[in-house]
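Down below is the structure, laid out as structure tokens.
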Amino acid sequence: MAKVGVVSLGCDKNRVDSEIMLYNLRRGGFEITNDPSEAEIIIVNTCAFLESARQEAIETTLEMARYKHGKCKKLIMTGCLPQRFISEMFDEFTEVDGFLGTNDYADVVSFIRGLDKRCYKVSPNTSRIEEGRRIVTTPGHYAYLRVADGCDNFCTYCLIPSIRGKYRSRTIEHIVEEAKDLVAAGAKELILIAQDLTKYGFDLYGKTCLVGLIRELSKIDGLVWIRLLYCYPELIDGELIDEIASNDKVAKYLDIPLQHSQDAVLKRMGRKSTRESLEKLFFALRSKVPDISLRTTFILGFPGETQEDFNGLCDFVKTQRMNNVGFFTYSREDGTAAARMKNQIPEKVKEQRLSNLAALQYDIVREQNAAMQGKKLRVIIDEEISSAENKFLYKARSQYNAPDIDGCVYVSSDKPLEAGQFTEIVVKGFSDYDLKGDAK
């Protein structure tokens, strides 16, 4: 029985692809190992969204190639990088024995077994979507649940449509069936993901069906939290806001990738929002869900972004006071409309703007965390950090924190707690983006 190791890079959607591959590999008779030095076959599942992601994928692949001096006999690159750049990858990376695209994960077992010489299989984007059983790689008490793949938004800076293809929803029945399996296996929190979650179902049912899906998932016994990631602002309507407000299983948390706040920049990005529409949306959300935690991402230094545009974005961040914000400098990606735009911003300017805005958001988060002191908070325990003489320290999250991308809650307890356990704490302090509290 050959041993296979899988290195998964990139986003949560890539993680799900890797988990499907792991299941197929195990079902196909391979043994899964986390130790690359023991693996006879190593698979690197890559991301190609940005230049930095491609560089990480290349460096990781070359690092794994060193194990070919040991037990590793075959090195395989899968995912977005070969899907988008197969000609370059095949010619330049002779260390890699096989390449598999984003639409071919289901064939990973037969591909490996037929890999007697260097080759690739990169099928064009079609109407199919990768589904199937998974070996979940997150802690058992939470899991990502992909509801769709691909994207139809065609933002001018983004390669995703050319890599992942058109937007494709899974059926409600398949999603609920998988959700039941995940909950039966111990998941208490399901994190719904898609490139554009709010568009879910439109291609299958002729209308957006995210609320209907949430209601079906809410019927699952044992499921405590449903978390929503990547909700584009244009399709967040009153029905969805009411569902978030009234459904106890929906975390009071929303990830809305805005990318900018100023009309001129948003238009060049190919986004459909305006600053006025974003402000109205945030007002509506906070009116119906006063304690909602809002997360977003912003791109700094998009072509043509003036100092006035940047000042306007700073003002938006100041006034809207979001809880979690990710900042990225604009990455000029060949093949996108934005790469051909005039008035490209110098790297030094982009980096300075990112630094200034991140400092502004840091101060906002510290003020928000300071205001939490003395308040009660329900958290889920993610992992134990340390224990000594009946003093235990745990890493946890409230409904206002998504795993990995947001701050966390460090919980002190006089008694042992378990991963996946919900407990109530009193907030006693904070450190930067993280809260500190005592279990009651």
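Numbers at a glance
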quantity	calculated
Residue in segment 17-37 that is farthest from the chain's Cα centre (by Cα), counting only those that are surrounded by 15 or more Cβ atoms within 10 Å (Cβ to Cβ) and assigned to a loop (DSSP other than H, G, I, E, B)	F30
When residues of segment 227-239 are limited to those that are free of Cβ contacts under 8 Å to residues at least 60 places away in the same chain and closer than 18 Å to L258 by Cα, the one surrounded by the fewest Cβ atoms within 10 Å (Cβ to Cβ)	D237
Test: L223 is assigned to a loop (DSSP other than H, G, I, E, B) and surrounded by 15 or more Cβ atoms within 10 Å (Cβ to Cβ)	yes
Selected residue [without any contact (Cβ under 8 Å) to a residue 60 or more places away in the chain and either within 13 Å of D434 (Cα to Cα) or surrounded by 15 or more Cβ atoms within 10 Å (Cβ to Cβ) (or both)] from D382, D404	D404
Residue list for segment 173-192, filter: in contact with a Pro (Cβ under 9 Å, 6 or more places away or on another chain) and either under 20 Å from C209 (Cβ atoms) or among the polar types (S, T, N, Q) (or both)	I191
Residues satisfying the stated conditions in segment 240-264, i.e. more than 25 Å from D315 (Cβ to Cβ), open to solvent by 20 Å² or more (accessible area, probe 1.4 Å) and acidic (D, E)	D242, D248
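Here is a yes/no grid of residues against (1) touching a strand residue (DSSP E or B) at 6+ places or on another chain (Cβ under 7 Å); (2) open to solvent by 10 Å² or more (accessible area, probe 1.4 Å); (3) of a type outside the set (G, A, S); (4) at pLDDT 95 or above:
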| position | (1), (2), (3), (4) |
| --- | --- |
| G98 | yes, no, no, yes |
| S123 | no, yes, no, no |
| S127 | yes, yes, no, no |
| E131 | no, yes, yes, no |
| R146 | yes, no, yes, yes |
| F154 | no, yes, yes, no |
| L159 | no, no, yes, no |
| T171 | no, yes, yes, yes |
| D181 | no, yes, yes, yes |
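The values are calculated or read from the model by the stated rules, or taken from the named source; none is laboratory data. For clarity, every value in this text was computed on a predicted model and none was experimentally measured. Using ideal geometry, Cβ is built from the backbone for each residue, glycine included, and neighbour counts are taken over all protein chains shown. The area values use the complete protein model at the heavy-atom level, side chains included, leaving out ligands, DNA and RNA. Shrake-Rupley method; radii C 1.70, N 1.55, O 1.52, S 1.80 Å.
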